[in-house]
Amino acid sequence: MTATGHSGGLHDSYMTVAFDVTNKYQPANNVQLKSHCNFRQFNDNAYHRTETKPTIGISLLANQPVPVPELVTCIPNSGEYVSSVVMVAEVPVGDSDPSNNAAAWDTVTGK
């Protein structure tokens, strides 16, 4: 899984981040994609808020030929901006390499 891009900027009313989800070796059934948005305030470095997004359930073929795009939309409150977005795949069985089951996008790197 990788974060591939975003729409929106620091001062926009929302930001959408795209993640590409892929699979290798064997089918992945009933995968749960869990994501959350992290927010900061413009004038308060100590402020931090996290919002959990609804879980996305998917199944993937073995050696998925094309990445499956999944979008996460974050809506900051007044005075906030989206500081990062995280997505984690929970694979119920047969995951040969769980180290690649998470991806993040953040404002510092823009990736």
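The values are calculated or read from the model by the stated rules, or taken from the named source; none is laboratory data. Bear in mind the structure is a predicted one, so any value in this text is a computation, not a measurement. Note that each Cβ is placed from the backbone with ideal geometry, even for glycine, and that neighbours are counted across all protein chains shown. Remember, those area values only see protein heavy atoms, side chains included, never the ligands or the DNA or RNA. Shrake-Rupley method; radii C 1.70, N 1.55, O 1.52, S 1.80 Å.
Tabulated data for the structure shown
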{"quantity": "Selected from Ala46, Ala18, Ala89 as most flexible by GNM, with the chain as the system and alpha-carbon contacts under 10 Å", "calculated": "Ala46"}
{"quantity": "Where labels lie 7 Å past Cα in the beta-carbon direction, separation of Asn100 and Tyr14 in nm", "calculated": "3.2"}
{"quantity": "In region 1-85, the trypsin sites (Lys or Arg not before Pro) that fall in loop regions by DSSP, at most 15 other Cβ within 10 Å", "calculated": "Lys24"}
{"quantity": "Diffusion constant of the chain at 25 °C, which comes from Stokes-Einstein with the Kirkwood Cα-pair radius and 0.890 mPa s, µm²/s", "calculated": "167"}
{"quantity": "Computed lengthening from Leu61 to Gln26, 0.36 nm per intervening residue step minus Cα-Cα distance", "calculated": "11.9 nm"}
{"quantity": "Accessible area per residue in Å² at 1.4 Å probe, computed on the chain", "calculated": "59"}
{"quantity": "Region 39-111 - percent relative contact order, Cα under 8 Å, separation 6 or more", "calculated": "30"}
{"quantity": "Two-site FRET efficiency, Val93 against Asn43, from Cβ-Cβ distance with R₀ of 41 Å, rounded to 0.05", "calculated": "0.30"}
{"quantity": "Hits among aspartates and glutamates - C-alpha to C-alpha of Lys111 under 14 Å, sequence gap 8 or more where chains match", "calculated": "Asp20"}
{"quantity": "Sequence-distant aspartates and glutamates (8 or more away, or on other chains) whose Cα lies within less than 14 Å of Lys24", "calculated": "Asp95, Asp97"}
{"quantity": "Choice from Asn45, Asn29, Asn63 with maximal GNM fluctuation in the chain (Cα, 10 Å cutoff)", "calculated": "Asn45"}
